[in-house]
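Okay, structure first, notes after.
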């Protein structure tokens, strides 16, 4: 199979030195890419800004912002058999990026940033997925299963991997794998490489 995987955070720059982002390390996405390659699949990994080595034999495309990631997704998903959306994409970006460093203290008053919503990457590319398989990820801190199922339906995914904030940056995680038929599989306190093998197995 030709599997497309996203990993890591995105950065939405305020000025040349400041940005909005999140704590995603990219470890889950890179573990997925490595697991898929070991199973003999052709893998393209779209990576946000992370400090991780590229798994052997995997094609890696580096991006920074949500819109950059979307542009690559639109191009590469056309020729893919499956998509695993493990990236933690920023929901918002500054309405405008300042050309010079923002000197909020010197400007006086109450500093504020005008934000606009980023496009929904998975919903955008998966709405016409046809027979292609899609795995979504959801990090939730409350009402996780309900929110994850709603996200899976809204984004036209076949499966969703629910995890919590404790997974950020670590090598282990606890997840619940959910499908559109209502089935659930819990994997508690597992290495991310183990979880990756199970997720790749869903596609085969």
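The numbers here are math on the coordinates, done by the rules we state, and not lab data. Here the structure is a predicted model, which is why all the values come from computation and not from measurement. All Cβ positions, glycine included, derive from the backbone under ideal geometry; neighbour counts span all protein chains shown.
Here are the numbers for the structure shown:
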item	result
Packing-based order for 130-142, 51-63, using average beta carbon neighbours within 10 Å, highest first	130-142, 51-63
Length added when fully stretched, residue 185-residue 15, from 0.36 nm per residue minus Cα-Cα	56.9 nm
With Cα atoms, 0 to 90° folded angle of helix 144-154 axis to the chain main axis	90
Scattering curve values for the range 104-204, log₁₀ I(q)/I(0), Debye with Cα scatterers, q = 0.12, 0.18 Å⁻¹	-0.49, -0.88
Relative contact order of the range 33-81, defined on C-alpha pairs under 8 angstrom at six or more residues apart (%)	32
Nitroxide proxy distance, nm - points 7 Å out along Cα→Cβ at residue 204 and residue 39	0.6
CD proxy at 222 nm, helix term only [per DSSP H run n ≥ 4: -39500 (n - 2.57); per residue of the chain; nearest 500]	-8000 deg cm²/dmol
The range 130-203 - percent relative contact order, Cα under 8 Å, separation 6 or more	24
Relative contact order (%) - the chain, alpha-carbon pairs under 8 angstrom, separation at least six	22
In degrees, nearest ten, helix 192-203 long axis to first principal axis of the chain (Cα)	60
In degrees, nearest ten, helix 27-38 long axis to first principal axis of the chain (Cα)	40
Antiparallel DSSP beta bridges within the chain, percent to nearest 5	40
